[in-house]
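The values are calculated or read from the model by the stated rules, or taken from the named source; none is laboratory data. Because the structure is predicted, anything quoted here is derived from the model rather than measured. Quick reminder, even Gly has a Cβ in these numbers, built from the backbone with ideal geometry, and neighbours come from all protein chains shown. Heavy atoms of the whole protein, side chains included, go into the accessibility calculation; ligands, DNA and RNA do not. Shrake-Rupley method; radii C 1.70, N 1.55, O 1.52, S 1.80 Å.
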Amino acid sequence: MSAAERVSQLQEKLYCKAKQEREYKFYILYDKMFIGYMLEEAYRRVKANGGSAGVDNERFEDIEAAGVNKFLSGLGEELRKRSYRPKAVKRVWIEKANGGQRPLGIPTIRDRVAQMVCKMIIEPIFEADFEECSYGFRRERSSKDAMKAIKEHLQSGKTEVLDADLSSYFDTIPHDKLQIVLKQRITDERMLHLINLWLKSPVREDGDLKGGRKQKTGTPQGGVISPLLANIYMHLVDKIVNDPRKLFYQEGIKMVRYADDFVLMGKSITEAAIKKLGNILCRMGLKLNAVKTRKIQAKETGFNFLGFTIRYDRDITGRNKRYWNIIPSVGSEKKIREKIKALLNKSGHCTVLRIKEELNRLIRGWLNYYDVKGISYPAMSKRRLRHYLNERLYRYYNRKSQRRSRLYGQQAFEILVHKYGLIDPTKYCV
């Protein structure tokens, strides 16, 4: 069997054991951290995810020039002897849609591979416990499934919505409480110690080291294992909301969660339920963002979730009928336009084929995300995107007066679509 098949077989065994015995605690897992095929498959997955170098500036090209087997055997030996120590995480800042900045931690490739092995081992154990309302960073689940669930809840009459927002969730997860949650399924102290090492990894920013052993909260966004740890911790909220003995279930309240973004939906969401949610989060060391969290009646006020806008709109044909309209949000449309603008601004001397390929990559990714068959209605957004491309490409090929392009003064968008294969958003089918 290939390395991928052997990993899949191991994961299936772990999942089945966890699913069949809900109270079982796994006490021997660390010995799988340095198995050859586990390291091999972890490296393949990390490379497929791409990403830049960490604080050591080591790239995939450097590793492969020196020998992948040598790299993996060295890491495996460190893990076996328990001499492995993660390096600092490089912090960079990325722009957010609202104009702010989000911190992103970039571990070294060596640490990403080690984290991937750990993730491959513990993920199926906790996947067996996760609730149906959780959609983020899980296999065979996506934002499309989350939007489908939201639409179904709205159609069933659960139109009162608590649009919740957690304050700096990834940065505020308490390490001690996360360890307690992990111990509900894992009692292998070596595995727990390894995870704790990653949580305590110092952060290098502008040449300075921050955090380290004294750090008691947070899991850096950007780490391979961070999304899984975030899901494991928020699973506590999922369980309480879906527990038939608890207030939320008794009031008919449903939850749809994607990582730290979630909404509560019901025919009525009482103040008691909101207070109960706040108390649960407070005990977990988390808190709702009072400014961004709001309770709305979705039939009267639209709301945004995962880049979509959900509204109760009148029928566009004039019939006396209303329907749930799920469309790309204004911010999402602005973001794709900014990406296209940035691409064209830095591609002044690229060939037509290169421009076409880069634009298609952006357009296809955006359309694949927002065009959800039977759920979303992005036709207007597609037309606006087509209009923007038409205008931007015309300006792009006419901006140089000294050295004219062959597309100078022509309808560049139409030519790129019909002659070179540029995607026309209004005709693209997912």
Problem - region 325-396, relative contact order [Cα under 8 Å, separation at least 6], % - result: 50
Completion exercise
Applied in sequence order to region 139-149, the curve 6.51 cos²θ - 1.76 cosθ + 1.60 (Karplus, θ = phi - 60°) yields integer Hz couplings, x standing for Gly and Pro, of 5, 6, 9, 8, 4, 4, 5, 5, 5, 4, 5
Exercise for the section: State, as an integer percentage, the relative contact order of the chain based on alpha-carbon contacts under 8 Å between residues 6 or more apart. Expected result: 15
Completion exercise
Applying the gyration tensor rule to the Cα atoms of region 167-305 (axes a ≥ b ≥ c; rounded if a/c under 1.5, else prolate if a/b exceeds b/c, else oblate), the class is prolate
Practice task
Tally up the carbon and sulfur contribution to the accessible surface of the chain as a whole percent, 1.4 Å probe, everything protein left in place.
Solution key: 48
Problem - Potential lengthening between LYS183 and CYS16 on full extension [0.36 nm per residue; Cα-Cα distance subtracted] - result: 58.2 nm
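Please give the contour-minus-distance gain from VAL92 to THR426: 0.36 nm per residue of separation, less the Cα-Cα distance, rounded to one decimal in nm.
Values: separation 334, 0.36 × 334 = 120.24 nm, distance 3.62 nm.
Length gained, VAL92 through THR426: 116.6 nm.
Where in region 1-110 are there GluC sites (Glu not before Pro) that are in a DSSP coil and have at most 12 other Cβ atoms within 10 angstrom of their Cβ?
On the way: sites: GLU5, GLU12, GLU21, GLU23, GLU40, GLU41, GLU58, GLU61, GLU64, GLU77, GLU78, GLU95; in loops: GLU21, GLU23, GLU58.
In loop regions of region 1-110 (DSSP not H, G, I, E or B), the sparsely surrounded GluC sites (Glu not before Pro) are GLU21, GLU23.
Between GLU391 and LEU247, 0.36 nm times their residue separation minus their Cα-Cα distance comes to what?
Details: separation 144, 0.36 × 144 = 51.84 nm, distance 5.39 nm.
The span from GLU391 to LEU247 would gain 46.5 nm if fully extended.
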Completion exercise
In Å, the Kirkwood estimate of hydrodynamic radius for region 151-218 over Cα pairs equals 15.1
Practice task
With a point put 7 Å past each Cα toward its Cβ, work out how far LYS419 is from LYS239 in nm, to one decimal.
Solution key: 6.3
Practice task
Using only Cα atoms, locate the centre of region 132-150 and the centre of region 253-328, then give the distance between them in Å, rounded to an integer.
Solution key: 16
Fill in the blank from the handout: What helix-only [θ] at 222 nm does the chain give? Using -39500 (n - 2.57) per DSSP H run of at least 4, over all residues, to the nearest 500, the answer is -15000 deg cm²/dmol
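Send over the semi-axes of region 1-101's equivalent ellipsoid, whole angstrom and largest first, taken as the square roots of 5 times the C-alpha gyration tensor eigenvalues.
29, 22, 15
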Completion exercise
Diffing region 238-244: the Karplus 3J(HN,Hα) column from phi (6.51, -1.76, 1.60, θ = phi - 60°), in whole Hz with x for Gly and Pro, holds 4, 4, 5, 5, 9, 6, x
Completion exercise
Simple SL model, points at 7 angstrom along Cα→Cβ for ARG319 and ALA290; separation in nm is 4.7
Completion exercise
Mean 1/r over distinct Cα pairs of region 37-180, inverted to a Kirkwood Rh in Å, yields 18.6
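If the only charges are +1 at each Lys and Arg Cβ and -1 at each Asp and Glu Cβ, what is the size of the charge dipole of region 1-95 around the Cα centre, to the nearest 20 debye? Let's see the in-between values first.
Working: 19 positive and 15 negative charges, 83 e Å.
That gives region 1-95 a dipole magnitude of about 400 debye.
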Practice task
Output the relative contact order of region 292-430, whole-number percent, from Cα pairs under 8 angstrom with separation of 6+ residues.
Solution key: 20
Completion exercise
Residue-ordered couplings for region 167-179, obtained by feeding phi - 60° into the Karplus form 6.51 cos²θ - 1.76 cosθ + 1.60 and rounding to whole Hz (Gly and Pro as x), are 7, 6, 4, 4, 8, 10, 5, x, 4, 5, 6, 5, 4
Exercise for the section: Please report, to one decimal in angstroms, the Kirkwood hydrodynamic radius of the chain built from all distinct Cα-Cα pairs. Expected result: 24.4
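What trypsin sites (Lys or Arg not before Pro) in region 247-354 are in a loop by DSSP, with at most 16 other Cβ atoms within 10 Å of the Cβ? Working shown, then result.
On the way: sites: LYS254, ARG257, LYS267, LYS275, LYS276, ARG283, LYS287, LYS292, ARG294, LYS295, LYS299, ARG311, ARG314, ARG319, LYS321, ARG322, LYS334, LYS335, ARG337, LYS339, LYS341, LYS346, ARG354; in loops: LYS267, LYS287, LYS292, LYS299, ARG319, LYS321, LYS346.
Passing sites in region 247-354 are LYS267, LYS287, LYS292, LYS299, ARG319, LYS321, LYS346.
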Completion exercise
Mean accessible area per residue over region 91-202 (1.4 angstrom probe, all protein chains present, square angstrom) is 38
